Amino acid sequence: MGRIRQAVYRPSTPSEQPGRLLGFVVTAVVVGILTGLMAGSFRLALDWLSAARTHLLTVAHGNPLPGLLAAVLICAAATAGAAALVHRVEPHAEGSGIPRVEAVVEGRVPPGSARILPVKYLGGLLSMGAGLALGREGPSVQMGGNIAIIVSRVLRRNRYDLRMLVAAGAAAGLATAFSAPIAGGVFVLEELMKKFHPRSALATLCASAAGFLSSDLLLGGSSFQIFTVTPLPGPKLTELPMILLVGLVTGAVGVVYNRAVLSSLRLVDASRIPREVRGGVIGGLVGLVGYVAPDMIGGGDQLTQRALLGVGSLAVVAGVLVVRFVLSVVSYAAATPGGIFAPMLVIGSHLGLLVGLAGRALFPSLTPEPAALALIGMAAFFTATVRAPITGIVLATELTGVTNQLPPTLGACAIAMLVAMMLRSTPIYDALANRATAAARQNADEASPDGRSNPAQA
């Protein structure tokens, strides 16, 4: 039997070869700093808009009919404006942005225009400020990647380094969006690159740390640990059945969630309704929900926080779960800038909390603290949808500061991932990256004479 030889990749052109290491690392740090400042200002602006929206809805209740109309019209107009920016200026700024960054890092699509950055920033403020159930992490990741593209072009980094720096910028974006620098680096290595390479790991970690520090300086030291969790007792072996149940439930619901998101996008792609009209209708519906229940709209951090404190009854938690599931899917179909990370944390934490509350009612001696199951469910649902268990575990730990739940979290994530794989669910970002690649090719084929892409969906 002949000797098996290992294939070695040899770059065919200088543009596909790594540049000098020191200059590469310095560039990564510059990308991280700029991304941190950008993501920090984005977070501050969204916080201000969220407070303004809450004030508007509070005032609206003082004048029921005019107030309701004002809430619906303002949210509709903001969402329609975000959809128009994407459709008419830069279609590649649509949605989360993480799938397109993944496709760029893999070399499946070209880096894209610098227009992505301002459209993503302003469009994200409009859509998320209107209350759509979207998260700031996706836009922060794509804007970080776009900053890396701009910096790489200015500093004349080659094509190979550019792709590595896009991954580094994405890590910095996630690190600053969630105040989770380790999870930012791990996510890029596990999900975007799907491999560990010393050069890319160095750039990713440097950019992530630099971004976190610059963002923290801008935010005045308020960027640490987004969620507060009361001390939780350590896990017990007798609680294992409930841990496995959380894994089963989050795995099954994660499969349904992925299929719902993709089905909604297929409907959007086949629709002839103008994008601005569709965005306006969705924004108006979100405004209506916000008028009735202001806490139900927006990114949902406050809902996740309550779940992690174990607050709520079975009926209330189930209601929040259903409403947020539907709002997340519908909001993403608006084709405006916004991520699904934060909405997934809401759904996962409430799934875990629901299992915990039901278990405490039926089997109190065998059920962990509902708050502990909320934390575990958050990581397990993320694992089922994204298929990135290490990121899910690290993210849940960094967001809460809780470490004694790592063993049960690991078990639940393993079960959730097994369920998703057995049901042959495509990881959500892989499916969306395939869609982004197909859209990029269509845009290239339909490019107008002046070189600007046809405003098809990306």
Self-check item: Enumeration of residues in the range 411-431 that are among the small types (G, A, S) and out of contact with any Leu (no Cβ under 9 Å at 6 or more places or on another chain)
Solution: A414, A420, S425
Exercise. Please work out which residue is surrounded by the most Cβ atoms within 10 Å (Cβ to Cβ), limiting yourself to the range 83-112 and to residues that are of a type in the set (G, A, S) and under 17 Å from V329 (Cα atoms).
Key: G97
Quiz item: Considering the range 355-369 alone, what residues qualify as being surrounded by fewer than 24 Cβ atoms within 10 Å (Cβ to Cβ) and of a type outside the set (D, E)?
Solution: L357, A358, G359, R360, A361, L362, F363, P364, S365, L366, T367
Exercise. May I ask you to say which residue of V119, V186 is closer than 23 Å to T304 by Cβ, β-branched (V, I, T) and either under 19 Å from the mean Cα position of the chain (by Cα) or not assigned by TED's automatic domain parsing to the domain that holds V25 (or both)?
Key: V186
Exercise. Note down all Cβ pairs under 7 Å where the first residue falls in the range 151-166 and is more than 20 Å from P139 (Cα to Cα), the second is crowded, with 17+ Cβ neighbours inside 10 Å and of a type in the set (S, T, N, Q), and they're at least six residues apart or on different chains.
Key: L155/T27; R157/T27; D161/S152
Exercise. State yes or no: is L57 out of contact with any Leu (no Cβ under 9 Å at 6 or more places or on another chain), in the same structural domain as A177 (by TED's automatic domain parsing), surrounded by 19 or more Cβ atoms within 10 Å (Cβ to Cβ) and modelled with pLDDT of 85 or more?
Key: yes
Exercise. May I ask you to say which residue of S208, S200, S263 is surrounded by 12 or more Cβ atoms within 10 Å (Cβ to Cβ), under 23 Å from I340 (Cα atoms) and not assigned by TED's automatic domain parsing to the domain that holds A333?
Key: S208
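The values are calculated or read from the model by the stated rules, or taken from the named source; none is laboratory data. Note that this is a predicted model, so its numbers are computed, not measured. Don't worry about glycine lacking a Cβ; one is built from the backbone with ideal geometry, like all the others, and counts go over all protein chains shown.
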